[in-house]
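To keep things clear, I will list the structure first and then write my remarks on it.
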Amino acid sequence: MIKFEEIKKSLFVSLWFMFLTFPIMVIHVNPIDKIVNWRWDNLLFVGCGSFILSFFWRYFINRKKSGLRQSSPVISPLSNIMARLRNDPKLFRTLIAVLAFIAVAFPFTFSTYQVTIMTTVLLYIMLGLGLNIVVGLAGLLDLGYVAFYAVGAYSYALLNYHFGLSFWIALPVGAILGAFFGILLGFPVLRLRGDYLAIVTLGFGEIIRLILENWNDFSFGPSGISNISRPSLFGIEFSLKSSSIFLYFIIIILVLLTIFVVNRLQHSRIGRAWVALREDEIACQAMGIDKVKTKLAAFALGATWAGMAGVIFAAKTTFINPASFTFHESALILSIVVLGGMGSIPGVILGALILILMPEYLRAFSDYRMLLFGAIMVLMMVFRPQGIISDVRRTYELDNKGASG
Amino acid sequence: MLKIRNINSYYGNIHALKGISLDISEGEIITLIGANGAGKSTTLMSISGIVPPDSGDILYMGNPIHSMSPDKIVSLGISQVPEGRRIFPDLTVMENLHMGAFPRTNKSQVSNDINYVFDLFPILTKRRNQPGGTLSGGEQQMLAISRALMARPRLLLLDEPSLGLAPIIVRQIFDIIKKINSEHNTTIFLVEQNANLALHVAHRGYVMETGKIVMEDSADNLLSNDDVKKAYLGL
């Protein structure tokens, strides 16, 4: 099985890496003693490491090419499971029941720390599903999605600070403001597509952040807003622990609502219009689809969820400042959507679980977080470019037997 | 049915249509022939409102439509089969057809019409659950025409339906075009490079050169016209 050719290629790769990393891994200048340490042993590690990695890399690539799709042991069975779940409603219901039980039991069995992490995950699921409307369904690459998240968070924080409005009033207000800003961004970018759209949305995200950072009278600048009240239930205030459990359940309900609405949208008239818009804009217009309305609807409906997630974020942390809404957040949410599978709801959920839980539980490797992140993305692009769980659209079966659909 | 009066359309700085006027009456098959870059497709895009004209009038049933948005124009009964087919590659044949019926809300009528286009193009029945992108060129053209028919147009705009297809498929498609015209009295405006074929199907024809209409006559007269013969029929 192991060909000499393969070993030779891997050998070249390792030599190349040894050469590339020579300046940083081997030479170590001590400026105080004015001596140079030659760490030759590092060269050996780099050589061996890159040889092994490159060898496995080639092995998996070859396996993928030779038609054995089980290139990565986790992923392919996963989509098989998904397919089985779709076809077997009984299994599906059982799974839902198990998941519901775990979700309800979770906050009572694990510590507050775990509950907080899970709340964060759920928050990102909501954000991911919202962005999924814009990116996955309508195919509009939005790199400034975090702006709407910020709008939601600041709308609650400011309304609470100035007028003492409660979480429950701020939640719909945040959603509406998110949608409003979505339309505000949508208008100028109606004519743009692809790269240009990405650049403008990226700029929009930065504009919102910079406004929040510099308009001291309005947003209190970089020092942010603190002491935002936590959600209450009919005027009952909670202790820290029970309040985080309460928030956990609020967001579970909201995530379920998001899943329900996004799922309905996906298979609705406008959902089909989005998919058509993603595939061919001119054909879409020739079919009598209003391009302006469809695009604006995508931006508005996507931003609504970000607005709501922002309100929850503000209520969860009780303190917000512009540093929470950097481009890095947009990139993270986009990665969740892309990693999970664009347009696929279970994909986005899985993507959020991986990308949010991984850094939390691998705190020991926090120095290598971005490295791991990059590695996951590269691996995914090579082995599964369509995302972990790719989108399967409903097929229509309604004629011949007359109108049954 | 459709009157175009002296329209000028631009792509950025390029003056693509220089004062075009033409008339289409109900039930006719009209063809517009001309070389590459003459402005034939732009004429269709201007009628559909995708490239709206800068000046001039387009009247449909006596009402001006040149400043309407594309979706309004479709709902008035003008559908276009765009050049290069432009079907939705990731959507199935059925989904493509449903996209064509997007402005319509009566479900039973829509499914009747789906059966109607399946009768016109039986091969699509077999391909119904296949993504549009996996169809052959001819099947894609059939799908594109079917998709446009799903909007129940009174005026069907066809942009080069023969593009890149084998002669036998082209003949099949042109037969269907005639059939659509005679069975439903659907007016057809056909833009073609294959002038010979187009003039044999059409009642009347217009010849276009660099953004202007240079000739207008019945199809038979155009077929026997010496200039047309030399320039477009290769005789």
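The values are calculated or read from the model by the stated rules, or taken from the named source; none is laboratory data. Predicted model only: the values in this text are computed from it and were never measured. As a convention, Cβ positions derive from the backbone with ideal geometry for all residues, glycine included, and neighbour counts pool all protein chains shown. SASA here: full protein model, heavy atoms, side chains in, ligands and nucleic acids out. Shrake-Rupley method; radii C 1.70, N 1.55, O 1.52, S 1.80 Å.
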**Asked** Over region A:170-222, with a single point scatterer placed on each C-alpha, what log10 of the ratio I(q)/I(0) does the Debye formula yield at q = 0.19 1/Å?
**Response** -0.79
**Item:** Cα centroid separation, region B:152-194 to region A:189-235 (Å)
**Value:** 53
**Asked** How large are Rg and Dmax for region B:1-67 when only the alpha carbon atoms are used, in Å?
**Response** 11.5, 36
**Asked** Using helices alone, what [θ] at 222 nm do you get for the protein assembly as shown, with -39,500 (n - 2.57) per DSSP H run of 4 or more residues, divided over all residues and rounded to the nearest 500?
**Response** -18500 deg cm²/dmol
**Asked** Across 10 Å bins from the origin, how do the percents of Cα pairs in region A:4-66 run, short distances first?
**Response** 22, 38, 22, 12, 5, 1
**Item:** Compactness of region A:111-156 as Cα Rg over 2.2 N^0.38 Å, two decimals
**Value:** 1.37
**Asked** residue A:48 accessible area, nearest 10 Å², 1.4 Å probe?
**Response** 70
**Message:** Show me, bin by bin at 10 Å from 0, the whole-percent P(r) of chain B based on Cα pairs.
**Reply:** 8, 33, 37, 19, 3, 0
**Asked** Helix B:137-149: angle to the longest alpha-carbon principal axis of chain B, degrees 0 to 90, nearest 10?
**Response** 90
**Request:** Take every DSSP beta bridge whose two residues both sit in the protein assembly as shown, then give the antiparallel share in percent to the nearest 5.
**Result:** 60
**Complete:** In terms of the alpha carbon gyration tensor, root eigenvalues a ≥ b ≥ c, rounded if a/c is under 1.5 and otherwise prolate when a/b exceeds b/c or oblate, region B:43-149 is prolate
**Fill in**
Output ordering of A:11-21, A:187-197, B:65-75 (per-residue mean of other Cβ within 10 Å, highest first) is B:65-75, A:11-21, A:187-197
**Prompt:** Other chains' Cβ within 10 Å of A:153-162 residues: what's the mean?
**Reply:** 0
**Prompt:** What does the average come to when, for each residue of peptide B:103-111, you count the partner chain Cβ atoms lying within 10 Å of its Cβ?
**Reply:** 3
**Complete:** One can check that the equivalent ellipsoid of region A:217-329, built from the alpha-carbon gyration tensor with semi-axes equal to the square roots of five times its eigenvalues, has lengths in Å, largest first, of 37, 19, 10
**Request:** Could you pull the Cα extents of the protein assembly as shown along its three principal axes, largest to smallest, in whole Å?
**Result:** 95, 73, 57
**Request:** Could you tell me which of A:155, A:283, A:330 has its Cα farthest along the dipole of region A:110-383 towards the positive end, charges placed at Cβ (Lys, Arg +1; Asp, Glu -1), taken about the Cα centre?
**Result:** A:283
**Item:** Interface size A-B, as summed buried accessible area [1.4 Å probe, Å², nearest 100]
**Value:** 2800
**Request:** Name the residue, out of B:211, B:19, B:34, whose mean-square fluctuation peaks in a Gaussian network model built on chain B with Cα pairs under 10 Å.
**Result:** B:19
**Message:** What number comes out for accessible area per residue over region A:105-146 if the probe is 1.4 Å? Units Å², please.
**Reply:** 25
**Item:** Whole-Hz ³J(HN,Hα) from phi, Karplus 6.51 cos²θ - 1.76 cosθ + 1.60, for region A:124-135, glycine and proline x
**Value:** 6, 4, 4, 4, x, 5, x, 5, 4, 4, 6, 8
**Message:** Just to be sure I understand: with springs between alpha-carbon atoms less than 10 Å apart, which residue in A:29, A:311, A:135 has the highest mean-square fluctuation in the Gaussian network model of chain A?
**Reply:** A:29
**Request:** Over chain A, with every protein chain in place, what whole percent of the accessible area is carbon and sulfur at 1.4 Å, could you tell me?
**Result:** 70
**Asked** Counting only the heavy atoms of the protein chains, how much of residue A:94 is accessible to a 1.4 Å probe, in Å² to the nearest 10?
**Response** 80
**Complete:** Averaged over the residues of B:150-158, the number of partner chain Cβ atoms within 10 Å of each residue's own Cβ comes to 1
**Asked** So which of A:90/B:107; A:291/B:40; B:18/B:72; A:293/B:179 end up more than 27 Å apart, counting from Cα to Cα?
**Response** A:90/B:107; A:293/B:179
**Request:** Quote the charge dipole size of the protein assembly as shown about the Cα centre in Debye, to the nearest 20; the model charges only the Cβ of Lys and Arg (+1) and of Asp and Glu (-1).
**Result:** 1660
**Request:** Can you tell me the 0 to 90 degree angle between the C-alpha axis of helix B:167-184 and the longest principal axis of chain B, rounded to 10?
**Result:** 90
**Asked** Can you give the accessible area of residue B:203, probe radius 1.4 Å, in Å² rounded to 10?
**Response** 90
**Prompt:** Which of the lysines could a cross-linker bridge to residue A:3, judged by Cα under 18 Å and excluding same-chain residues fewer than eight apart?
**Reply:** A:64, A:65
**Item:** Ellipsoid equivalent to region A:110-383 - semi-axes via the Cα gyration tensor, in Å
**Value:** 29, 22, 19
**Request:** Springs between alpha-carbon atoms under 10 Å, Gaussian network over chain A: tell me which of A:228, A:35, A:102 tops the mean-square fluctuations.
**Result:** A:35
**Request:** Can you bin region A:154-290 into rounded, prolate or oblate? Criterion: square roots of the alpha carbon gyration tensor eigenvalues sorted a ≥ b ≥ c, rounded for a/c under 1.5, prolate for a/b above b/c, oblate for the rest.
**Result:** oblate
**Message:** What whole-number distance in Å separates the alpha-carbon centres of region B:87-147 and region A:118-142?
**Reply:** 31
**Request:** Decide, for region A:1-160, between rounded, prolate and oblate: order the square roots of the alpha carbon gyration tensor eigenvalues as a ≥ b ≥ c, take rounded if a/c falls under 1.5, and otherwise choose prolate if a/b is larger than b/c, else oblate.
**Result:** oblate
**Message:** Need the C-alpha centroid separation for region A:325-396 versus region A:1-27, integer Å.
**Reply:** 30
